[in-house]
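To start, the structure under review is shown below, and the notes come after it.
The values are calculated or read from the model by the stated rules, or taken from the named source; none is laboratory data. This one's a predicted model, so the numbers in the text were calculated from it and none came from an experiment. For neighbour counting, all protein chains shown are included, and Cβ atoms are generated from backbone atoms with ideal geometry for every residue, glycine included. Just the protein is used for accessible areas: all its heavy atoms, side chains included, with ligands, DNA and RNA removed. Shrake-Rupley method; radii C 1.70, N 1.55, O 1.52, S 1.80 Å.
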Amino acid sequence: QVQLVESGGGLVQAGGSPTLSCAASGSTFSNYAMGWFRQAPGKEREFVAAIRWNGASTYYADSVKGRFTISRDRTKNTVYLQMNSLKVEDTAMFYCAARRSGSVYYAPDYEYWGQGTQVTVSS
């Protein structure tokens, strides 16, 4: 059973640079792409970033390109989201997800989801 556990969220000041982690277990993940999505109150879940586990191609939403960096450590089965220059509008619940097929940008194509970690950016 695939399990994804996010950590690293919290209250951050605007301009801050926290890193989120997603610890993955229950599979080898070599055929997976791992994604980060976020959902703000009253809004739909939106794509943030994704990375292919085997090859490390990366993908970003335009809203975070140049500010966020996704990476993975295969030895630790962990995916990271380094967030820089945070803005108040980045406030959301951030979710880690895993998929084996479909579009990396499309939430319904992801098979497994973590419980989420809240990131709140204060001005």
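Please work out if Gly102 is surrounded by fewer than 20 Cβ atoms within 10 Å (Cβ to Cβ), farther than 18 Å from Gln13 by Cα and in contact with an Asp or Glu (Cβ under 6 Å, 6 or more places away or on another chain).
Judged against the criteria, Gly102 is a match.
Those residues that are of a type outside the set (Ser, Thr, Tyr) and touching a helix residue (DSSP H, G or I) at 6+ places or on another chain (Cβ under 7 Å), I need them from the stretch 98-123; list them, please.
The answer is Arg99, Gly102, Val119, Val121.
Do we have Ala49 as exposed (fewer than 14 other Cβ atoms within 10 Å of the Cβ), without any contact (Cβ under 8 Å) to a residue 60 or more places away in the chain and among the aliphatic types (A, V, I, L, M) here?
It is false that Ala49 is exposed (fewer than 14 other Cβ atoms within 10 Å of the Cβ), without any contact (Cβ under 8 Å) to a residue 60 or more places away in the chain and among the aliphatic types (A, V, I, L, M).
Residues of the stretch 1-41 being open to solvent by less than 20 Å² (accessible area, probe 1.4 Å) and small (Gly, Ala, Ser), which ones?
Matches in the stretch 1-41: Gly16, Ala24, Ala33, Gly35.
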